[in-house]
1. Tell me, what HN-Hα J-couplings in whole Hz come from the Karplus equation 6.51 cos²θ - 1.76 cosθ + 1.60 at θ = phi - 60° for each residue of region 111-122, using x for Gly and Pro?
2. Tell me which residues come under 5 Å, amide H to amide H, from residue 75 once H is placed; ignore anything under 5 positions away on its chain.
3. I need the Kirkwood Rh of region 81-152: take the reciprocal of the average 1/r across all distinct C-alpha pairs and report it in angstrom.
4. As an exercise, take the mean of 1/r over every pair of distinct alpha carbons in region 3-144, invert it, and state the Kirkwood radius in angstroms.
5. Working from the pairwise distances between different alpha carbons, so that the mean of 1/r is found and then inverted, what is region 46-124's Kirkwood radius in Å?
6. How large is ³J(HN,Hα) for each residue in region 63-76, as worked out from phi by the Karplus curve 6.51 cos²θ - 1.76 cosθ + 1.60 (θ = phi - 60°), to whole Hz, x for Gly and Pro?
7. Would you mind checking which residues have amide H under 5 Å from residue 120's amide H? H placed 1.01 Å from N; only 5 or more apart, or other chain.
8. Going out from 0 in 5 Å bins, what whole percent of all Cα-Cα distances in region 14-87 drops into each bin?
Amino acid sequence: MSDYVASLRSRIGNDLLLLPGVTAVIREGDRYLLARHRDSDPWSLIGGGVEPGEEPADALVREVVEEIGAEIRIRGIVGAYGGPPMTVTYPNGHQVGYVTVAYDCELLTAARPDQDEVSQLGWFPQSAIASLPRQTWIDRVIDDAALPQPRR
């Protein structure tokens, strides 16, 4: 938990907190890079929170470096996501509603799990992702990322 979120929690307790986030959709062809985070078993996309005063794209680059030690190139925005699929109550009772901007990304350097936040990485074709234990909100993001992108 960041110092910023901790300061908010000290004032609001377990009440619902809406937090901005960023998500990296790292793909090569029809394969997507997914991660298993230490605090949850299901596979998910890589990302995290936007800190106060931070540009979302800068937050994404920072989160990817922190979690998998890799550099990326952002190719564009896939979409923005939130609502019930991204609302969680943690075991400590903290309620959080995440709103994330998902970015289409290209991996520029080798990725490796940091072992603090991420325990495992894997490349999966879109057709195999539905059979994985996963955060189900990623299905919509990956479906949107698989759509033909308009020319820029």
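1. After applying 6.51 cos²θ - 1.76 cosθ + 1.60, I find 9, 8, x, 6, 6, 8, 9, 10, 9, 7, 10, x Hz.
2. Counting only residues 5 or more places away or on other chains, the set is 104, 105, 106.
3. 15.0
4. 15.6
5. 14.0
6. Calculated HN-Hα couplings, in order: 4, 5, 4, 4, 8, 10, x, 10, 9, 10, 10, 7, 9, x Hz.
7. Result for residue 120 returns 36.
8. Binned Cα distances yield the sequence 3, 13, 23, 27, 21, 9, 3, 1, 0.
Laboratory data are not the source of any read-out in this text; all were calculated from the coordinates shown. None of the values given here were measured: they were computed from a predicted structure. All Cβ positions, glycine included, derive from the backbone under ideal geometry; neighbour counts span all protein chains shown.
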